[in-house]
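Novice: Got a structure here, written out as structure tokens. Questions coming.
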Amino acid sequence: MKKLIKLFRDFAGRIRQYNMDLDNYFKMLNTTEEAVREQLRPEATKRANAELVIDAFAKIRKILKYLKKKLIKKLMNSERI
């Protein structure tokens, strides 16, 4: 999942900002990379779903805009008769 990979990269970057090595960080907290990824998974899923919803709304808006143009064109043509 791309969102999970990005979220983990961001997480790892924040750890490195504090001049910490990821392996040492995991040892210090008695955890693993896999465990951290699993903790990040719900947030990654939430972000991916939000992105899908936004994309769907954008597509719907585009379709409605197209239909509006078609309807206006049809109405203008029918008024000429």
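Novice: Only one of these is in contact with a helix residue (DSSP H, G or I) (Cβ under 6 Å, 6 or more places away or on another chain), part of a helix (DSSP H, G or I) and modelled with pLDDT of 95 or more: Leu52, Leu7. Name it.
Specialist: Checking each option against the conditions leaves just Leu7.
Novice: Can you go through Lys65, Lys69, Lys74 and tell me which one is over 12 Å from the mean Cα position of the chain (by Cα), assigned to a helix (DSSP H, G or I), at pLDDT below 95 and over 29 Å from Leu7 (Cα atoms)?
Specialist: After applying the criteria, what remains is Lys74.
Novice: Specify the residue that is nearest to Lys3 (Cα to Cα); the eligible residues are those in the range 29-54 that are surrounded by 10 or more Cβ atoms within 10 Å (Cβ to Cβ) and more than 19 Å from the chain's Cα centre (by Cα).
Specialist: Result: Val36.
The values are calculated or read from the model by the stated rules, or taken from the named source; none is laboratory data. The structure presented is a predicted model; accordingly, all values stated were derived computationally and were not measured. No Cβ is skipped: glycine too gets one built from the backbone with ideal geometry, and neighbour counts run over all protein chains shown.
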